[in-house]
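Since the structure comes first, as structure tokens, the remarks are kept for the end.
The values are calculated or read from the model by the stated rules, or taken from the named source; none is laboratory data. Just so you know, these numbers come straight off a predicted model, no measurement behind them. Because the Cβ atoms are built from the backbone with ideal geometry, glycine has one as well, and the counts that use them run over all protein chains shown. Each accessible area value is taken on the protein alone, full model and side chains, heavy atoms only, with ligands, DNA and RNA left out. Shrake-Rupley method; radii C 1.70, N 1.55, O 1.52, S 1.80 Å.
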Amino acid sequence: MPDLIDLRSDTVTRPTPAMRRAMARAEVGDDVFGDDPTVIALQERAAELTGKPAALFVASGTMGNLVSHMAHVPRGGEIIVDAGAHLLQMEAGGYAVITGATARPIEGRPDGTMDPDEVRAAFRPDDPHQPQTALVTLENTNSPKLGRPIDTAYTASLAAVTHERGVPLHIDGARLFNAVVALGTTAEALVRPADSATFCLSKGLSCPVGSMVVGSEDFIVRAHRARKLVGGAMRQSGIVAAAGLVALQDGPEGMIERLAVDHDNARRLAEGLAEMDGIVDIDPATIITNYLVFGLRPRPGQDVLEARTAFMAETGSRGLAYIQYPGGRVRALTHYGIEAGDIEQALDITRASLTAAGLAAVAV
Ligand SMILES: *Cc1c(COP(=O)(O)O)cnc(C)c1O
């Protein structure tokens, strides 16, 4: 067991021994000249897994979304997107600052989807006073709605709406493979209706660095130019791409199938938390992937933020790290390196911390 049970994010995952070995012996070249064989192999593998003609290796999920949006959206174009999306909330406004786009946020539904009729209604008419709708972006899994996976049927229905207007659909699939495993499907099926997608290697797939962008050859040519513009062209990046190749392989060292363990652990954690006095707003039935959020019931007269500060200080001092979530809530993500035994220990620590922080009415 690790010293710290770190549930802040699946980004805290360290590379596996197989990744370290592959990185040490990776064949490399200068990828700006297009001759790093390991980067080329990773891009081919990402394209194959997602059934898209071409792929591009980028430094982060944020860069993947940025270059995708730069490739799809002209300056002054508008993006229809979930109001809680990572693109709007967590990417430093790059869609506005660099892409030069406006956003038309839509309130997502509890299952993580946007109502296709609302999306249709959000398209702009051909009016010189208004921005022009240029892209619809969908997050899968959807982080504002507890990492809900979104299936192919829905994505196809959304694509039908966007394509009817000649507008492309992009999938921010930072945790696409969590959706793949949770739904028992393939990445190819989930992104088939979309024009482009990104997915992170550095979250549940446990690589040290990197994300992939996939789409048509033309789209990738434009994304490649955008990657250069934002300073994301790298040289002997095969060193890090090698870890991605390990993560995406079939067989025991690959990291896709094992995401099921994270999902089981998240469900178990949610079930344990839901039974605790002092914890509110958690329904284990809604925890389908590796992402959960819960609330705390403050003492009478206590502010929820004070309750959370006290609670998190107690868990932290006992070797358990959660992270703050909007609305005075607390977030936990399960990932590689967290075993079933850690979940039981996390539940014990949480129970003790609630008591120590005076949040559990019933002493345990
Ligand atoms: C993590 C994440 C990203 C990208 O994040 P980076 O930290 O830049 O890799 C993009 N979209 C979603 C939904 C994410 O969860």
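Return the calculated 222 nm mean residue ellipticity for the chain, to the nearest 500 deg cm²/dmol, obtained by summing -39500 (n - 2.57) across DSSP H runs with n ≥ 4 and dividing by the residue count. Intermediate values should be presented prior to the final figure.
Values: 14 runs with 145 residues, N = 364.
Value at 222 nm, helices only, nearest 500: -12000 deg cm²/dmol.
7 Å from Cα along Cα→Cβ at both Glu188 and Asp127: what's the point-to-point distance in nm?
Placing both labels 7 Å along Cα→Cβ, they lie 4.4 nm apart.
With every protein chain left in place, what is the accessible area per residue of the chain in square angstrom, probe 1.4 Å?
On the way: 14970 Å² over 364 residues.
Value returned for the chain: 41 Å² of accessible area per residue.
Would you mind calculating the relative contact order of segment 17-247 from Cα pairs under 8 angstrom and at least 6 residues apart, reporting the percent as a whole number? Let's see the in-between values first.
Working: 485 pairs, mean separation 74.4, N = 231.
Relative contact order here is 32 percent.
If I compute solvent accessible area with a 1.4 Å probe over the protein chains, what percent of it on segment 17-247 is carbon and sulfur?
Working: 4850 of 8910 Å².
The value for segment 17-247 is 54 percent carbon and sulfur by accessible area.
Run the dipole for the chain about the Cα centre, Lys and Arg Cβ at +1, Asp and Glu Cβ at -1, nothing else charged, and hand back the magnitude in debye, nearest 20.
620 debye
With +1 on the Cβ of every Lys and Arg and -1 on the Cβ of every Asp and Glu, and nothing else charged, how large is the dipole of segment 91-131 about its Cα centre, in debye rounded to the nearest 20?
On the way: 4 positive and 8 negative charges, 26 e Å.
Approximately 120 debye in magnitude.
Specify the residue with the greatest mean-square fluctuation among Met212, Met63, Met276, computed from a Gaussian network of the chain linking alpha-carbon atoms under 10 Å apart.
Of Met212, Met63, Met276, the Gaussian network model singles out Met276 as fluctuating most.
With unit charges on the beta carbons (Lys and Arg positive, Asp and Glu negative) and the dipole taken about the Cα centre of segment 25-180, which residue among Val39, Asn142, Pro110 sits farthest to the positive side?
Pro110
State, as an integer percentage, the relative contact order of segment 167-315 based on alpha-carbon contacts under 8 Å between residues 6 or more apart. Mind dumping the intermediate values first?
Numbers: 172 pairs, mean separation 26.1, N = 149.
Relative CO of segment 167-315 lands at 18 percent.
Taking the Cα centre of each part, how many Å lie between segment 297-341 and segment 153-182?
33 Å
Tell me which of Leu347, Thr50, Thr309 sits at the most positive position along the dipole axis of the chain, charges placed on C-beta atoms (Lys, Arg +1; Asp, Glu -1).
Positive-most Cα among the choices belongs to Thr309.
Sort 315-328, 33-46 by packing, meaning the average of other beta carbons within 10 Å per residue, with the highest value first.
Numbers: 315-328: 15.8, 33-46: 18.7.
So the order, starting with the most tightly packed, is 33-46, 315-328.
Between the alpha-carbon centers of segment 22-46 and segment 263-290, tell me the distance in whole angstrom.
41 Å
How much length is gained on full extension from Asp250 to Ala24, taking 0.36 nm per residue of separation minus their Cα-Cα distance?
On the way: separation 226, 0.36 × 226 = 81.36 nm, distance 2.05 nm.
That pair, Asp250 and Ala24, stretches by 79.3 nm at full extension.
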